[in-house]
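Only one structure is covered here, and it is reproduced in the block below.
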Amino acid sequence: MSCKNDRVRIVDIAEELGLSTATVSYVIHGKTKKISDETVKRVQELLEKRQYIPSMAGILLAQNDSRIIGIVVNDHEKYEGHVLEDGFISSALNALSAEIDRAGYFMMVKATREWKEIAKFASMWNMAGIVLIGFCEQDYRKMRESMHIPFVVYDGFLKETGKMVNIVADHFDGGYQMGKYLLARGHRRILCISDNHICMDALRWEGLKTAVPEAEFMEIPMQRVEREQFYRDHLEKILQFTAVFAVSDYYAVDLMYFLIGQGISVPEEISVAGFDDSRLSRQVQPALTTIRQDNGKRAKMALKLLEELREEREEGRTCVLPVEIVERESVKKIG
């Protein structure tokens with residue numbers, strides 16, 4: 001028997017009762033159909049007496065359904081090692097945590113750039129389902145081919161969903177709403193900034209461009225240091241516009257800090273707007289006008305769809321969630 005101060009192990013219980021470790025393990029995990037009632041009682045009584053503390057991982061892995069929902073986020077280089085601190089990502093995780101807990105599941109989070117790690121991660125923990133955020137179409141397809149565990153995708157840019165479920169915000173409409181709003185506030189010289197011109201960012205820009213045909217686009221560097229120098233080099237051009245629409249709250253607030261640091265007043269000299277309605281948009285001064293995504297609604301839908309996928313009541317589709325403009329102080333009315 002182990003020392004009094006040591007954690008009691010399954011092997012200790014088995015030795016004291018003269019049973020196999022497998023028998024004790026079966027009792028702990030509730031697999032008692034082939035074990036006599038007397039033996040089950042003996043094991044349970046000694047477990048209680050010795051104050052055995054089971055390994056949660058062991059219990060979960062022994063069950064057919066681990067009750068674990070995995071959340072896997074692409075640790076893209078643009079986040080510079082801080083992907084889970086991003087406003088949209090942290091808001092999405094917070095909403096998913098609440099829904100997963102409400103549904104009686106456990107949440108596990110992993111940040112990685114490698115799709116191969118995801119299949120290993122999912123099978124290692126016998127997951128009930130996965131939510132994937134930020135990967136590209138070819139990665140999603142490889143994951144679908146390599147594992148049977150159901151998953152839903154957040155904001156995937158998929159030409160064909162196949163057997164995947166994709167939950168997206170209406171990115172085009174968000175850009176369109178912002179364009180119409182800026183026009184109504186008197187802005188005609190409008191600039192859109194993004195670190196790329198593809199997928200969801202392209203849709204947000206296309207929405208803005210549809211509402212404001214004369215709007216212009218500027219591609220900015222992903223890395224913070226390079227981006228700040230880019231702003232310095234292009235400040236004169238940026239100030240030719242009366243409003244800037246950044247495709248994310250992060251880039252909007254980043255630009256605001258830069259402008260304010262240069263002695264330029266927001267929104268008196270130039271207005272700035274974003275997309276996401278992250279917590280950051282409400283904390284900055286002036287508070288950021290933005291496009292709101294309902295992460296609570298998306299999380300609830302994700303859990304519902306995962307259940308339908310497990311029960312084979314869902315085959316695959318794209319679900320589009322509406323967005324809405326949130327008016328705050330960072331956009332000034334002119335004219």
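If DNA, RNA and ligands are ignored and the probe is 1.4 Å, what is the ranking of GLU77, GLU315, GLU137 by accessible area, most exposed first? Numbers along the way, then the final one.
Numbers: GLU77 95, GLU315 145, GLU137 45 Å².
Descending order: GLU315, GLU77, GLU137.
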**All-pairs Cα distance distribution in segment 230-335, expressed in whole percent, bin size 10 Å** = 14, 37, 22, 15, 9, 3
**Prompt:** Any idea how far the Cα center of segment 267-335 sits from the one of segment 146-207, in Å?
**Reply:** 11 Å
**Prompt:** Can you give the calculated 222 nm mean residue ellipticity of the chain, where each DSSP H run of n ≥ 4 adds -39,500 (n - 2.57) and the sum is split over every residue, rounded to the nearest 500 deg cm²/dmol?
**Reply:** -13000 deg cm²/dmol
**Asked** What does the charge dipole of segment 147-212 about its Cα centre add up to, to the nearest 20 debye, if the Cβ of each Lys and Arg holds +1 and the Cβ of each Asp and Glu holds -1?
**Response** 340 debye
**Asked** When the accessible area of the chain is split by element with a 1.4 Å probe, what percent falls to carbon and sulfur?
**Response** 49 percent
**Message:** Bin width 20 Å, origin at 0, all Cα-Cα pairs of the chain: what percent of pairs per bin?
**Reply:** 27, 43, 21, 9, 0
**Prompt:** In µm²/s, what is D for segment 97-144 at 25 °C and 0.890 mPa s, where D = kT/(6 pi eta Rh) by Stokes-Einstein and Rh is the Kirkwood radius from Cα pairs?
**Reply:** 207 µm²/s
**Dipole magnitude (debye, nearest 20) for the chain, charges at Cβ of Lys, Arg, Asp, Glu** = 740 debye
**Item:** Accessible area per residue, Å², the chain with all protein chains present, probe 1.4 Å
**Value:** 51 Å²
**Asked** Which ³J(HN,Hα) values, rounded to whole Hz and listed in residue order, are derived for segment 77-89 from phi using the Karplus coefficients 6.51, -1.76 and 1.60 in 6.51 cos²θ - 1.76 cosθ + 1.60 with θ = phi - 60°, glycine and proline given as x?
**Response** 4, 5, 7, 6, x, 10, 4, 6, 8, 4, x, 5, 4
**Asked** With Rg and the Kirkwood Rh both taken from Cα atoms, where does Rg over Rh land for segment 109-246?
**Response** 1.10
**Message:** Let me see the P(r) profile for segment 112-182: every Cα-Cα distance counted, bins of 5 Å, each bin given as a percent of all pairs.
**Reply:** 3, 15, 26, 20, 13, 8, 7, 5, 3, 1
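The values are calculated or read from the model by the stated rules, or taken from the named source; none is laboratory data. Predicted model, so just to flag it, every value in this text is computed and none were measured. Cβ sites come from the backbone with ideal geometry, for glycine too, and all protein chains shown count toward neighbours. Remember, those area values only see protein heavy atoms, side chains included, never the ligands or the DNA or RNA. Shrake-Rupley method; radii C 1.70, N 1.55, O 1.52, S 1.80 Å.
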